[in-house]
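Structure first, commentary second.
Rule-based calculations on the coordinates, nothing more; no lab input. This one's a predicted model, so the numbers in the text were calculated from it and none came from an experiment. Note: ideal-geometry Cβ built from the backbone for every residue, glycine included; neighbour counts use all protein chains shown.
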């Protein structure tokens, strides 16, 4: 079963707007990660947030983590057409394993 | 895609045939992983290896086999026992077994005709 589930499944915005996608998970975690996947390509790691952190920034990315609600959000500010991709959250389901959600497909329109 | 290569990029197989997908890394990483991705879905773990000559089953190992004879190589064989093998296959690695971030290859798309 998948630990993390992203919401929404698909998101379409105009260039320059902010994009927010959410991830919910079921069991306790040590950390949560976000990955990006361009169509037909491998995944690229974006950011990792540990269970004792509440917010983390990396460039135009902002990730929050609420362990009481078992949820995380990824905010991409000032989006660009090149941000068009699928975004996945991943949690450490067990020793040395990650469990991935089904992803949010983001489309940024020029 | 870093220093992880997967080949071929596209692979076609007839029903009943075994096929082997290649995954090579030059990152000197200890741990390697194989995932399967179906359209519109997340990744599901097939097998992983923490060290040479050792590997463990993931969530969907049935119909698949692996070997880890060399640190840099982790080939995946899709056997005829896998009932629905058409999918996108992704290989990943981490520097050590305790490392959280995974580094992915570009993937192999397998289609069974």
Based on the Kirkwood radius over alpha-carbon pairs, what is the Stokes-Einstein translational diffusion coefficient of the protein assembly as shown at 37 °C with 0.692 mPa s viscosity, in µm²/s?
184
Shape metrics for segment A:36-110, restricted to C-alpha atoms - Rg then Dmax, Å
13.1, 42
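Output the relative contact order of chain A, whole-number percent, from Cα pairs under 8 angstrom with separation of 6+ residues. Spell out each step's value before the answer.
Details: 281 pairs, mean separation 43.0, N = 110.
Value for chain A: 39 percent.
Calculate the mean, over all residues of peptide A:85-91, of how many other protein chain Cβ atoms lie within 10 angstrom of the residue's Cβ.
Partner Cβ neighbours, averaged per residue: 2.
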Provide the descending list of Cα extents for segment B:1-86 along its principal axes, expressed in whole angstroms.
35, 24, 24
Which three lengths, in whole Å and largest first, does segment A:1-71 cover when its Cα atoms are put on their principal axes?
34, 28, 21
Inter-label distance, nm, simple model (7 Å from Cα along the C-beta direction), residue A:78/residue A:27
4.1
Inter-chain shielding metric for B:41-50, i.e. average beta-carbon neighbours from other chains within 10 angstrom, reads 5
From a point 7 Å beyond the Cα of residue B:38 in the direction of its Cβ, which residues of segment B:53-76 have a backbone N at a distance under 20 Å?
B:58-65
Work out, step by step, the length gained on full extension between residue A:56 and residue A:10: first 0.36 nm times the residue separation, then minus their alpha carbon distance; give nm to one decimal.
14.2 nm
The simple spin-label model distance between residue B:12 and residue A:68, using points 7 Å out along Cα→Cβ, in nm, is 5.8
